[in-house]
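A short write-up of the structure that comes next.
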Amino acid sequence: MRTNNKAEMDVIEQIEGAMSEVCTYICKYYDYAHERSQTLDLSNEVQARRLLSIQTNLDKHCNECPLGRISHEFVSSNDT
């Protein structure tokens, strides 16, 4: 994705950029998952499974996110 000049980006790139900013800076589920994952020790099998559970729940919320659905539907319908 080109980040140097938004005016030169196509619509898909602009939607992906907006989605990235929303996910990183606004989404409470992303923030919660990120905070929880930072405290886990992946060498511990129980905590590794907990991380998988956190990621699964985050994916569920992402799939239900209106911005994610718009982006996915737009990209799928305009895929060349």
Quick check, is V22 of a type in the set (V, I, T), exposed (fewer than 14 other Cβ atoms within 10 Å of the Cβ) and assigned to a helix (DSSP H, G or I)? no
Within the set of pairs 6+ apart or on separate chains, which have a first residue in the range 39-58 that is hydrophobic (A, V, I, L, M, F, W, C), a second that is assigned to a loop (DSSP other than H, G, I, E, B) and loosely packed, with under 13 Cβ neighbours inside 10 Å, and C-beta atoms under 6 Å apart? A48/L42
Inter-residue pairs, beta-carbon under 7 Å, first farther than 17 Å from I70 by Cβ and in the range 3-26, second at pLDDT 80 or above, 6+ apart: K6/Q14; T24/Y30
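The values are calculated or read from the model by the stated rules, or taken from the named source; none is laboratory data. In this text, all values refer to a predicted model and were calculated from it rather than measured experimentally. Neighbour counts are summed over all protein chains in view; Cβ atoms, including those assigned to glycine, are modelled from backbone coordinates with ideal geometry.
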